[in-house]
Amino acid sequence: MQHDRQPVRQTGPNEDDFRRRIILPDPLKVDDLKLSFATIACPELGVYIDFGLTRRMNYLIARYPDLAEFQAMLEGWSAKGPWNGKHFLTTLSKEKGPTFTLWLRQNDVGIDFTETEWNALRELFQKAWAIPELQQWMQELKLEYGEQG
């Protein structure tokens, strides 16, 4: 954003950025899933998803646009049709019981979830977004990326 051809915010690292003083929460866990948080080249917030012992896979969401889409998908997807976003594709198959498949587009990797596991993933992110420090961080990123409303 610019005003009179000058950036509204400084570009690059800012030593006065309040996010440098935020103590990120301890990892959160629901069932076999775990979320951890890290500062990724401040100002970005990194969210690590540990998919548990069954899958033995971790995934890092390292940029705000990806994180915002992931959050929107978990909160707003109704499973009546596919979620077809820029970073993620999610589908529901009822052939072998409800199976939710999350495609990580950047890596062309699909992860299958039972309905219970999918709900655990949603619950895990709901717990995370209820933490005031993470809400502040996400609000600041929202403003920096120019999102309104």
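The values are calculated or read from the model by the stated rules, or taken from the named source; none is laboratory data. This structure is a prediction, so every number in the text was calculated from the model and none was measured. A quick note on method: Cβ atoms are made from the backbone with ideal geometry, for glycine too, and the neighbour counts reach across all protein chains shown. In case anyone asks, the SASA skips ligands and DNA or RNA and just uses the protein heavy atoms, side chains included. Shrake-Rupley method; radii C 1.70, N 1.55, O 1.52, S 1.80 Å.
Points to keep in mind about this one:
- Flag for Ala72 being without any contact (Cβ under 8 Å) to a residue 24 or more places away in the chain, within 29 Å of Asp17 (Cβ to Cβ), under 11 Å from the mean Cα position of the chain (by Cα) and outside any strand (DSSP E or B): yes
- Filter pass, Thr116 being of a type outside the set (Lys, Arg) and assigned to a strand (DSSP E or B): no
- Output for the stretch 125-147, where each listed residue is within 15 Å of Glu69 (Cα to Cα) and open to solvent by 70 Å² or more (accessible area, probe 1.4 Å): Gln126, Gln139, Tyr145, Glu147
- Of all residue pairs spaced 6 or more apart or on separate chains, those with beta-carbon atoms under 7 Å, a first member in the stretch 75-92 that is within 16 Å of Thr114 (Cβ to Cβ) and a second member that is not in a strand (DSSP E or B) are Thr90/Met73; Thr90/Trp77; Thr90/Pro82; Thr91/Pro82; Leu92/Ala79; Leu92/Pro98.
- Considering residues of the stretch 106-120 that are aliphatic (A, V, I, L, M) and more than 18 Å from Lys29 (Cα to Cα) only, the residue least open to solvent (accessible area, probe 1.4 Å): Ile111
- Among the residues of the stretch 34-69, those that are part of a helix (DSSP H, G or I) and open to solvent by less than 50 Å² (accessible area, probe 1.4 Å) comprise Gly52, Tyr64, Pro65, Asp66, Leu67, Ala68, Glu69.
- Residue identified as at pLDDT below 90 and either assigned to a helix (DSSP H, G or I) or at positive phi (or both) among Leu124, Leu141: Leu141
- Members of the stretch 90-105 found to be part of a strand (DSSP E or B) and exposed (fewer than 11 other Cβ atoms within 10 Å of the Cβ), listed by number: Glu95, Gly97
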